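The values are calculated or read from the model by the stated rules, or taken from the named source; none is laboratory data. Keep in mind the model is a prediction, meaning the values are calculated, not measured. Glycine gets a Cβ as well: all are built from the backbone with ideal geometry, and neighbour counts include every protein chain shown. Side chains included, ligands, DNA and RNA excluded: accessible areas come from the protein's heavy atoms. Shrake-Rupley method; radii C 1.70, N 1.55, O 1.52, S 1.80 Å.
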Amino acid sequence: MALSMFLNSFTFYPQLQTQSRTPFPIFKPFKPTISTPQKLLTNPPNLLKIRSVHGNSQPYLATGAKPRWENALSTAASLYPVYVTVGGAIACLRPSTFSWFVDKGPASYSLSLGFIMLSMGITLELRDLVNLFMQRPLAILFGCVAQYTIMPVFALIISKSLGLSPSLSVGLILLGCCPGGTASNVVTLIAQGDVPLSIVMTVCTTLGAVLLTPILTKILAGTYVPVDAIQLSISTLQVVVAPILVGSYLQSSFPKAVKLATPFAPLVAVLTSSLLACSVFSENVVRLKSSIIASSLSADPSPLVRAQALFSSELGAVILSVLLLHFAGFFVGYISAALAGFKEPQRRAISVEVGMQNSSLGVVLATSHFTSGLVALPPAMSAVIMNIMGSSLGFFWRFIDPSSDSASSTKVHDK
């Protein structure tokens, strides 16, 4: 699910804070075989030495600890999976809770995603983005290609293998064709991956979504329902690229005002994302409840048979398909990066970036351009499933030192 780009590495490390005009957490994983590593920033005077997540001391630009209220806001923003899960439970029990937002859709959905993308834009500087791209172009290009090949192809395979209905198949394919979600930047940090690589991949795939998401959706889902690629492209440009560019302009033109608003923006964007996903989910609760009741009325009382009946229902099919899609993204993304010869931190970043999608964009495009409400269901369910899977993978990798893999290899890949 799209979170704002300023949900960066310091969400989980509030004691670290870069200068306000450097939105990216600039560091490279420790490589013991490199004597003079290339750095994005030269070492200016009076740099503070702090310990990175990889255990080695690296120079950072630091301005001191953040105030407690900013740390509290950062902590609250990091609980995004909790908000989505709780909101989903409320949507199941009382769908009418979100009716005020649903009734104004799809305009309310588009405005919500535009606000989230605007939040990303106010933290971007094109100079920083270009510097990061020039530092590791091969890894970034590989990750972007992996993003727009692995997920769309597996979405098509899974939809056909499970025999999903046309509406659910289109929704799953649309989800697979979306760019990477910026929640992946936080998960990459937790997993001790290459955070700058993750950030640039997110930005590049998001900008590329204007053309790639509509074209891939038309090619793969056009056999199920008519797909207007031009209108999809225009909508993506309006709700994704335009807000990012506006935010970047505001960041450069009104830095003082942006600096005042930035501490509050992550939490507001996270709550907006949660509201968007839960509202779409609440629209389909009645249909999903009926499938649950039908599976519970099975003549065979054994738990295995009932579980099989549940996964044969629409709800079960959506859950299973979304689980398989994200698992394929994480697993195949990691394996492909390993086969390409990337170091462990880059493998983790590419794996997380490929596996985590901007499901908010999927929700907005589904509600704006497809008549069936079921098309938006896979992206909405992805908001919960993807974040739980991504966070779990991140915390698993957190206890495995990535430098051990790098130290065992004699070949240096400075990508």
| field | Fully extended contour minus Cα-Cα distance, from V86 to I230, at 0.36 nm per residue | value | 48.2 nm
| note | With no solvent term and unit scatterers on the alpha-carbon positions of the stretch 239-278, Debye gives log₁₀ I(q)/I(0) at q = 0.19, 0.22 Å⁻¹ of -0.66, -0.81
| For the stretch 245-253, 3J(HN,Hα) per residue [Karplus equation, 6.51 cos²θ - 1.76 cosθ + 1.60, θ = phi - 60°, Hz, x = Gly/Pro] | 5, 4, x, 5, 5, 4, 5, 7, 8
| said: Using protein chains only and a probe of 1.4 angstrom, how many square angstrom of F264 are accessible, to the nearest 10? | reply: 100 Å²
| note | Residues meeting the amide H criterion for Q357 (H placed from the backbone, H to H distance under 5 Å, 5 or more places apart or on another chain) are G181
| query | Quick one: if you stick a label point 7 Å off each Cα along the C-beta vector at I157 and F399, how many nm between them? | reply | 3.0 nm
| query | Rounded to the nearest 0.05, what FRET efficiency is calculated for F264 and V130 with R0 set to 25 Å and r the Cβ-Cβ distance? | reply | 0.30
| request: Arrange the peptides 78-90, 350-362 so that the one whose residues have, on average, the most other Cβ atoms within 10 Å appears first. | output: 350-362, 78-90
| query | Which length gain, in nm to one decimal place, applies between T223 and S253 when the Cα-Cα distance is subtracted from 0.36 nm times their residue separation? | reply | 6.2 nm
| request: Step through the residues of the stretch 367-380 one at a time and calculate ³J(HN,Hα) from phi using the Karplus curve (6.51 cos²θ - 1.76 cosθ + 1.60, θ = phi - 60°), rounding each to whole Hz and writing x for Gly and Pro. | output: 6, 8, 10, 10, 6, 7, x, 5, 4, 7, 5, x, x, 5
| message | Taking R0 as 41 Å, what FRET efficiency do you get between F331 and A107 from their Cβ-Cβ distance, rounded to the nearest 0.05? | response | 0.60
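With N residues in the stretch 323-396, what two-decimal value do you get for its Cα radius of gyration over 2.2 N^0.38 Å?
In units of the 2.2 N^0.38 Å rule of thumb, it is 1.26.
Rounded to a whole number, what % of the accessible area of the stretch 339-406 do carbon and sulfur atoms account for, probe 1.4 Å?
Reported share for carbon and sulfur atoms: 66 percent.
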| query | Once phi is turned into ³J(HN,Hα) by the Karplus curve 6.51 cos²θ - 1.76 cosθ + 1.60 with θ = phi - 60°, what whole-Hz value does each residue of the stretch 196-203 show in order, with x for glycine and proline? | reply | x, 4, 4, 5, 5, 4, 4, 5
| message | Quick check: at a probe of 1.4 Å, how many percent of the accessible area of the stretch 163-261 sits on carbon and sulfur atoms? | response | 74 percent
| request: Compute the label zone of T371 within the stretch 199-243: residues whose backbone N is under 15 Å from the point 7 Å along Cα-to-Cβ. | output: 224-228
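If R0 is 41 Å, what FRET efficiency do you get for E70 and T149 from their C-beta distance, rounded to 0.05?
The value I calculate is 0.55.
Using per-residue counts of other Cβ atoms within 10 Å, averaged over each peptide, order 110-122, 164-176 from highest down.
Going from most to least packed, we get 164-176, 110-122.
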| request: Using a 10 Å cut-off on Cβ atoms, rank the peptides 133-141, 92-100 from the highest mean neighbour count down. | output: 133-141, 92-100
